[in-house]
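The values are calculated or read from the model by the stated rules, or taken from the named source; none is laboratory data. As the structure is a computational prediction, the values presented were derived from the model and not from experiment. We place every Cβ from the backbone using ideal geometry, glycine too, and count neighbours over all the protein chains shown. The accessibility values were calculated without ligands, DNA or RNA, using every heavy atom of the protein model including side chains. Shrake-Rupley method; radii C 1.70, N 1.55, O 1.52, S 1.80 Å.
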Amino acid sequence: MKDLEIILENKPGTLAFLGETLGKHNISLEGGGVFNNGENCIAHFVVKDAQTASRVLNGVGIKVLSINEVLIQKLRQDVPGQLGMFCRKLADAGVNILTQYSDHSNQLIVVVDDHQKASEISEKWMKEWWP
C-alpha cells in the first residue's frame, strides 16, 4: 500500500470524477481524505497499485504530487489515548508525521519523514499492544 498525495480543484464534482476514473480502471481506494485548502484541496488516499493510479489520474488532468510510503498501524480502540501514545513514541524518536488518516479497516495510516525508524517503532508497538 502507498499513499497518493493529490491536488484537486475545490469545486463540485471533482472528487466524484476522481472516484469514477479510478473505478473505471478497477483501482480501489482503501482509505483517505480530502482537505480544503482554499482554491484547491489536498487529498491523500491509500491504494494498492500507486503507480497505475498515479498514471491514470495524471492522464485525466488530476495532479498527483507524490507517492509516499505508509505506515499502517493498528490502535486499540478500547484504550483511550492510543493515538497520542503512538504519536509520542514517534515524536520522541525524532520522527515527524507528515500525514495521518484512517483506512477502511479502522487502521491508522501515517506518512512520516523517516519510514525506517517509524517502522521499527511500529513493530515494537504491535508486540506491546497486540501480543
Keeping all protein chains in place and using 1.4 angstrom, which order do HIS25, HIS104, HIS44 fall into by accessible surface area, from largest down?
HIS104, HIS25, HIS44
For region 26-40, just list the computed ³J(HN,Hα) in residue order, Karplus coefficients 6.51, -1.76 and 1.60, θ = phi - 60°, integers in Hz, with x standing in for Gly and Pro.
6, 10, 9, 8, 9, x, x, x, 10, 10, 5, 9, x, 5, 10
Kindly express, to the nearest 10 degrees and within the range 0 to 90, the angle between helix 115-129's C-alpha long axis and the longest C-alpha principal axis of the chain.
50 degrees
Taking H as built 1.01 Å from N, whose amide H comes closer than 5 Å to the amide H of SER102, not counting residues under 5 places away?
GLY32, ILE109
Please report the Cα spread of region 62-131 along all three principal axes, rounded to whole Å, starting with the longest.
40, 27, 18
Cα long-axis angle, helix 82-92 against the chain (0 to 90 degrees, to the nearest 10):
80 degrees
With the crude spin-label approximation of a point 7 Å out along Cα→Cβ, what separation in nm comes out for GLU69 versus ASN37?
2.3 nm
For Rg and Dmax of the Cα atoms in Å the list reads (1) 15.8, 46; (2) 15.6, 49; (3) 16.3, 53; the calculated value is entry (1)
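As a check on your grasp of the helix formula, calculate [θ] at 222 nm for the chain: sum -39500 (n - 2.57) over DSSP H runs of n ≥ 4, divide by the residue count, round to the nearest 500. Don't skip to the end; give the middle numbers.
Values: 4 runs with 47 residues, N = 131.
So the calculated ellipticity at 222 nm is -11000 deg cm²/dmol.
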With every protein chain left in place and a probe of 1.4 Å, what is the accessible surface of LYS127, to the nearest 10 Å²?
150 Å²
Pseudo-spin-label distance LYS117 to SER28, built 7 Å along Cα→Cβ, given in nm, is 3.5 nm
24 Å Cα cut-off, lysine pairs counted over the chain (separation 8 or more, or different chains)
23
If you place +1 on the Cβ of every Lys and Arg and -1 on the Cβ of every Asp and Glu, how big does the dipole about the Cα centre of the chain come out, in debye to the nearest 20?
140 debye
